[in-house]
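The structure appears below as C-alpha cells.
Computed from the coordinates by the stated procedures, all read-outs in this text should not be read as laboratory data. All values reported here derive from a predicted model rather than from experimental measurement. Cβ: placed from backbone, ideal geometry, glycine included. Neighbour counts: every protein chain shown.
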Amino acid sequence: MRIAGKGLVSHNRTVNFSFNGKDYMGLEGDTLASALLANDVHLVGRSFKYHRPRGILTAGSEEPNALVSTGKGAARDPNIRATQQELFEGLVAQSQNCWPSVERDVMAVNDLAAPFLGAGFYYKTFMWPALLWEKLYEPIIRRAAGLGALSGAANKDPYEKAFAFCDLLVIGSGPAGLMAALTAGRAGADVILAEDDSRMGGRLLAEVEEIDGKPAHVWVAEVLAELESMDNVRLMPRTSVTGVYDHGTYSALERVSHHLPPSQSLKTAHRPRECFWRIAAKASVLAAGAIERPIAFRNNDRPGIMMAGA
C-alpha cells in the first residue's frame, strides 16, 4: 500500500512487529501508524462512549483515535499514539477499549442506542433510585470508564529526572524553530531545541517545498548537522515540553527508549524509559506550529477519514 519513491523510510531494512496478535512487516523509519496503513490495516480501536470504529486521523501528537497499548506484562504501556510510536524489531501492540476483538466489539451495540444516550444523560438517568447508585450504577460506569488499562504488576523499568539550563529554549523544530535555534546558536547563546517528534523539521519533512534551491528535508538535515556541531546547542528530540512556571522554569518529558527494543534500551545500554526534565531558561521561543481543524460532516470519525496533513 506504499507509494513508490515517497516517504523518509529505509526501503532496504525491514522490521517485524505484531498488532492484535497478528504478525506484520514494516520498514525502518516507520511509525506504528504508517506501518499499519502500509499493511492495509485501518481499524485500530473503538471510541470511548459508543464504541464506534476508529482509525488513524492525524500524523502526530494530536492523534485522538489511534491509541494502542504496547508491550506485555508489567511493561505494558496504555494509550500510546500509533502516530508517535516508532517501529522497532519485535514491537507488540494491541487495540484498546474493545472485547473480544476490535473487529467484533460487543459494546458496539451502544452505537445503536445513541439516539437515547445524549450528552450527559447519565446525570439525570442514574439519580433514582438512590439505593442503586453504589450497588449498580457506579460499578457499571467505573468498569466502562477509561481506555487502556495497566497490567497491575509493578513496572521495574528505570525512570530518570534531570535539570538543564540555557539562555534560550526553543520549543518546536519546524522552520521557525530551526531558524531561531540556528540564529541564537551562531550568536553564541546556550540553546536547547526541544521537539516532540522523533525527527526534527516539522512540516518541512512532509510537504513538497524547496529552500535555497534544494528539497526542504535536505535543508533540514544540513541545519541539524550544523546545530549538532555546536557545543552550545543541545538537540532534544522525542521531548514534550509540558508546562511553563515561574522564573523561566519549564517541564519536559523525554521518551528516551520507547523506540528501542528492551534488549537494547534497558539491559545493555542502561537507558531509562523516560526522563523528566526541569529546564531553566532565560528566554524561550514557542514554535510549536499549529494543528489542523477537522471539517464536520456525517461519519467523519470513521476509519479511512484522515486530516489533509496526515
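Here are the numbers for this structure:
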{"item": "Using θ = phi - 60° and Karplus 6.51 cos²θ - 1.76 cosθ + 1.60, couplings along segment 6-20 (whole Hz; Gly, Pro as x)", "result": "9, x, 10, 8, 8, 6, 9, 10, 9, 10, 8, 8, 10, 9, 6"}
{"item": "Nonlocal amide H pairs with THR31, under 5 Å, H built at 1.01 Å", "result": "LEU87"}
{"item": "Calculated P(r) tail over 21 Å for segment 156-234, as whole % of Cα pairs", "result": "32"}
{"item": "Crossing angle, helix 216-228 versus the chain [Cα axis fit, 0-90 degrees, rounded to tens]", "result": "70"}
{"item": "DSSP-defined antiparallel bridges as percent of all bridges, segment 126-238, nearest 5", "result": "20"}
{"item": "Segment 140-183 and segment 46-108: distance between their alpha carbon centers, rounded to Å", "result": "18"}
{"item": "CD proxy at 222 nm, helix term only [per DSSP H run n ≥ 4: -39500 (n - 2.57); per residue of the chain; nearest 500]", "result": "-4000 deg cm²/dmol"}
{"item": "Environment charge at PHE88 (Cβ cut-off 11 Å; Lys +1, Arg +1, Asp -1, Glu -1)", "result": "-4"}
{"item": "Where only C-alpha atoms are counted, convex hull volume of segment 187-283 per residue in Å³", "result": "135"}
{"item": "Positive-end residue of SER101, ALA66, ALA189, charge dipole of the chain with Cβ unit charges", "result": "SER101"}
{"item": "Kirkwood-based Rg to Rh ratio, the chain, C-alpha trace", "result": "1.01"}
{"item": "5 angstrom amide H check on VAL285, placed H, neighbours 5+ away", "result": "LEU169, VAL170, ILE171"}
{"item": "Antiparallel bridge percentage (DSSP; both residues within the chain; nearest 5)", "result": "60"}
{"item": "Links that overshoot a 28 Å alpha carbon limit, given the list LYS6/LYS214; LYS161/LYS214; LYS49/LYS72; LYS161/LYS282; LYS49/LYS135", "result": "LYS161/LYS214"}
{"item": "Residues GLU103 and ARG199, FRET efficiency given R0 of 35 Å [Cβ-Cβ distance, rounded to 0.05]", "result": "0.60"}
{"item": "Estimated vicinal HN-Hα couplings, Hz - segment 241-255 in sequence order (Karplus 6.51, -1.76, 1.60; Gly, Pro = x)", "result": "6, 9, x, 10, 10, 4, 6, x, 9, 10, 10, 8, 10, 9, 8"}
{"item": "The chain, dipole about Cα centre (Lys/Arg Cβ +1, Asp/Glu Cβ -1), debye to the nearest 20", "result": "1180"}
{"item": "Length gained when the stretch ASP167-SER10 is fully extended (0.36 nm per residue, less Cα-Cα span)", "result": "52.9 nm"}
{"item": "5 angstrom amide H check on ASP190, placed H, neighbours 5+ away", "result": "ASP167, LEU168"}
{"item": "Folded to 0 to 90 degrees: helix 175-186 orientation relative to the chain principal axis, Cα", "result": "40"}
